[in-house]
1. Taking the dipole about the Cα centre of the stretch 164-312, with the C-beta of Lys and Arg at +1 and of Asp and Glu at -1, give me whichever of 261, 174, 218 is farthest to the positive side.
2. For the stretch 158-163, take each phi angle, set θ = phi - 60°, evaluate the Karplus expression 6.51 cos²θ - 1.76 cosθ + 1.60, and give the result in whole Hz per residue in order, putting x for glycine and proline.
3. Ignoring everything but the protein chains, give the 1.4 Å probe accessible area of residue 46 in square angstrom, nearest 10.
4. Looking at the stretch 202-337, send over the antiparallel percent of its DSSP beta bridges, to the nearest 5.
5. What is the set of long-range amide H partners of residue 255 at a cut-off below 5 Å, with H atoms built 1.01 Å from backbone N?
6. Residue 132 to residue 34: extension gain in nm, 0.36 nm per residue of separation minus the Cα-Cα distance?
7. Would you compute, from DSSP H runs of 4+ residues alone, the mean residue ellipticity of the chain at 222 nm, taking -39500 (n - 2.57) per run and dividing by the full residue count, rounded to the nearest 500?
8. So, with +1 on the Cβ of K and R and -1 on the Cβ of D and E, and no other charges, what is the size of the charge dipole of the chain about its Cα centre, to the nearest 20 debye?
Amino acid sequence: MKVLVTGGAGYIGSHTTLELLEAGHEVVCIDNLSNSKVESIKRVEKITGKNVCFYEGDIRDKGILTKIFTEHKIDSVINFAGYKAVGESCQKPLEYYENNIQGLLVLVMTMREFGVKNLVFSSSATVYGNPKSVPITEDFPLSTSNPYGSTKLFIEYMLKDLYKSDNSFNIAILRYFNPIGAHPSGLIGEDPKGIPNNLCPYITQVAVGKRKELGVFGNDYNTHDGTGVRDYIHVVDLSKGHVLAVNKLAENPGLIIVNLGTGVGYSVLDMVKAFEKVTGKPIPYKIMPRRPGDIDECYADPKLAKEVLGFKAEKTLEDMCRDAMNWQTKNPNGYED
Ligand code: NAD
Ligand code: UD1
């Protein structure tokens with residue numbers, strides 16, 4: 001199949017492009033490089049020995065999308081393009097609504113015009129807000145507490161309405177838990193700009209001596225050691241979930257909504273220990289106040305993804321930490337090197 005991957009130069013997009021190529025699909029990418037470098041795509045080509053047809057452009061630009069759908073017979077679209085930083089979304093809500101929602105609208109309207117009706121959408125566990133219990137199943141109540149989360153939830157509503165109005169669309173809404181790690185080659189990985197907001201890139205930067213110590217945001221949560229618990233999933237497993245979703249959409253399943261997680265939760269201190277085990281060195285940390293908006297525990301019930309897509313995360317926590325360290329060590333300054 002020929003798959004259009006929007007945001008394909010980004011963290012999850014580049015890993016998914018690689019897995020699609022490895023599975024024998026052809027890939028066309030569009031990315032405006034607002035949060036990535038084209039080097040990631042070059043490295044995917046190097047690892048796979050296959051070509052990616054790359055367009056530098058914005059999914060809000062109907063002209064470039066029209067050009068792509070005219071030049072290629074696309075079977076399925078995976079939409080990763082969007083902004084993703086929770087804190088920044090509170091400072092710049094309009095930019096987040098405009099990029100994420102407008103981008104999705106222009107993309108889907110152009111797809112409809114060209115009769116392309118298979119779409120995979122990157123949603124997030126953030127749509128569960130502060131869940132009443134764990135593990136989280138897909139029928140839990142939905143809510144958001146920041147503009148980034150609201151863009152994900154609004155888009156979910158929009159896609160459900162679209163499907164109700166035209167059930168010839170096949171739509172997979174994938175709610176990711178916490179993707180971490182990197183391709184085992186160490187050639188592609190997460191390349192955050194400036195100070196990382198998320199736990200794992202912060203730990204790997206401490207581990208290589210780029211940052212002095214990790215701040216642990218709160219140790220008075222209602223969890224086994226007081227620090228926040230999350231469902232960390234290897235980005236390669238997550239990417240394989242997208243290949244399964246694309247294959248499933250070809251069977252005309254209609255609307256699918258599934259969690260992509262492992263079903264296992266680890267605390268911040270569990271993660272520190274896991275990285276210490278892999279690196280053989282202590283990760284210095286200090287306990288800090290809670291980060292506003294953080295919740296105690298969040299992990300998936302992964303059963304539905306297994307039933308619907310045949311998806312099961314295979315990689316261990318050790319794989320995630322080792323591969324994250326391999327990427328960080330080989331590319332201390334990300335794709336700049
Ligand atoms: P990323 O920032 O690395 O990738 C997104 C890519 O989209 C970037 O390469 C960026 O340059 C591009 N982009 C942004 N706006 C664009 C536009 N208008 N047109 C074209 N390209 C555009 O982020 P990621 O971690 O790979 O996340 C991919 C998707 O998954 C995002 O939608 C994100 O919200 C969602 N998601 C990510 C996580 C996570 O923890 N990484 C968790 C849940 C959901
Ligand atoms: C973040 C996003 C969420 C997104 C998810 C997916 C925020 C507030 N939320 O979730 O919308 O869906 O990523 O990847 O950004 N921590 C520290 N010190 C740090 C960084 C984090 O102790 O320097 C802790 C946090 O308090 C949390 C855990 O580590 O308990 C994970 O944090 P993070 O990696 O930012 O992910 P989430 O907050 O779960």
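The values are calculated or read from the model by the stated rules, or taken from the named source; none is laboratory data. Small disclaimer: the values here were computed from a predicted structure and weren't measured. Virtual Cβ from ideal backbone geometry, glycine too; neighbours counted across all protein chains shown. Side chains are part of the model used for accessible areas, which takes the heavy atoms of the whole protein and leaves out ligands, DNA and RNA. Shrake-Rupley method; radii C 1.70, N 1.55, O 1.52, S 1.80 Å.
1. 218
2. Those phi angles translate into 4, 5, 5, 5, 4, 5 Hz.
3. 150 Å²
4. Working: 2 of 8 bridges.
Approximately 25 percent, going by the DSSP bridge assignments.
5. Those qualifying (amide H under 5 Å, at least 5 residues apart or on another chain) are 171.
6. Result: 31.7 nm gained on full extension.
7. Details: 12 runs with 129 residues, N = 337.
Value at 222 nm, helices only: -11500 deg cm²/dmol.
8. Computed charge dipole of the chain: roughly 280 debye.
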